[in-house]
Amino acid sequence: MATHRSYALWSYCGRRWSRVMRCCRLPGFRSSWPRGPLGVRHLSQEKQATETHFGFETVSEEEKGDKVYHVFESVAKKYDVMNDMMSLGIHRIWKDMLVWKMHPFPGTQLLDVAGGTGDIAFRFLNYVQAQHKGKLKRQLRAQQNLSWEEIARKYQNEEDPLGGSRVVVCDINKEMLKIGKQKAGAQGHKAGLAWVLGDAEELPFDDDKFDVYTIAFGIRNVTHIDQALQEAHRVLKPGGRFLCLEFSQVNNPLVSRLYDLYSFQVIPVLGEVIAGDWKSYQYLVESIRQFPSQEEFKEMIQDAGFEKVTYESLTSGIVAIHSGFKL
């Protein structure tokens, strides 16, 4: 019990100290970092050699980064199929709900981190395109005296069907980005979409650049979650919104028991049968259990500087959507 209390006190003090240090940053400190063209910063080569978890295994932080990279490199080709199999297709509803909660408007600049296969990006593009078309229809309906030729001309002259919206998909894994690009081509997504190889802990973007930051089923795989949250805060514009969809803590005892049974006894078997990879899916199941609860993660988001932080548990808490604003 004493050990648990000491750990809790140490974690609490650590979060408060990180908040103090962020408030005491010197003006221009970040701008003095080496940058490449287009304001892209080079990734740091220095990583503190301390221990962390990889699922239920204790490893060095550097080792975790390598192991996580190889997990997603291994599962990339079967990633979408396995998502459907593991969640019985429910992950599609969860992702739809994330975009509905975002409620993007034409002109929104979105950064989707750990979004390699493009699920959130494609939903975003479809949503803003539908919004923009609806706006155009309403404008045309309001103009009662337009001829058929004038209406047709307005549709033909429509240069940007997204109304200025753009999404950047940022992922640390080349294979995941490769699959995402292939899906984009197959689904006809070209305009308003960019793919960037980058680390969530050191995003290769300038400050105050995006309206919305999303990360879906990715943040639990990050070595330093607090650092990733600080980077999310940095790249968002004032008034920008952070949205995270992630596995969380089940709040129904019966569902929890069934969920554990399914997770540990079925999912790794599916991974072996469909993707030929038992170990990667064993890690994914274990990583879910290591992720903070809804309330704990809410505190971490607040410690990163976000305000008006809320969350919504879905499917008895199997997943949760956390939201916060940079004010």
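The values are calculated or read from the model by the stated rules, or taken from the named source; none is laboratory data. Values in this document were obtained by computation on a predicted structure and should not be read as measured data. Using ideal geometry, Cβ is built from the backbone for each residue, glycine included, and neighbour counts are taken over all protein chains shown. Accessible surface areas use protein heavy atoms only, side chains included; no ligands, DNA or RNA. Shrake-Rupley method; radii C 1.70, N 1.55, O 1.52, S 1.80 Å.
General observations
- If R0 is taken as 35 Å, the Cβ-Cβ distance between Leu270 and Leu327 corresponds to a FRET efficiency of 0.25.
- Once the Cα-Cα distance is subtracted from the 0.36 nm per residue extended length, the Asp260 to Leu197 segment shows a gain of 19.3 nm.
- Protection proxy ranking of 114-121, 235-242 - average other beta-carbon atoms within 10 Å, highest first: 114-121, 235-242
- Full extension of the segment from Asp96 to Ser313, taken as 0.36 nm per residue of separation minus the current Cα-Cα distance, would add 76.7 nm.
- Among Met102, Met300, the sequence by solvent-accessible area, most first, with a 1.4 Å probe is Met300, Met102.
- For the range 84-136, alpha-carbon Rg over 2.2 N^0.38 Å: 1.22
- Packing, taken as the mean count of other beta carbons within 10 Å per residue, orders the peptides 270-283, 163-176 from highest to lowest as 163-176, 270-283.
- Where the range 261-327 is the region considered: accessible area per residue in Å², 1.4 Å probe: 43
- If the chain linking Asp207 and Gln290 were pulled fully straight, counting 0.36 nm for each residue of separation and taking away their Cα-Cα distance, it would gain 26.8 nm.
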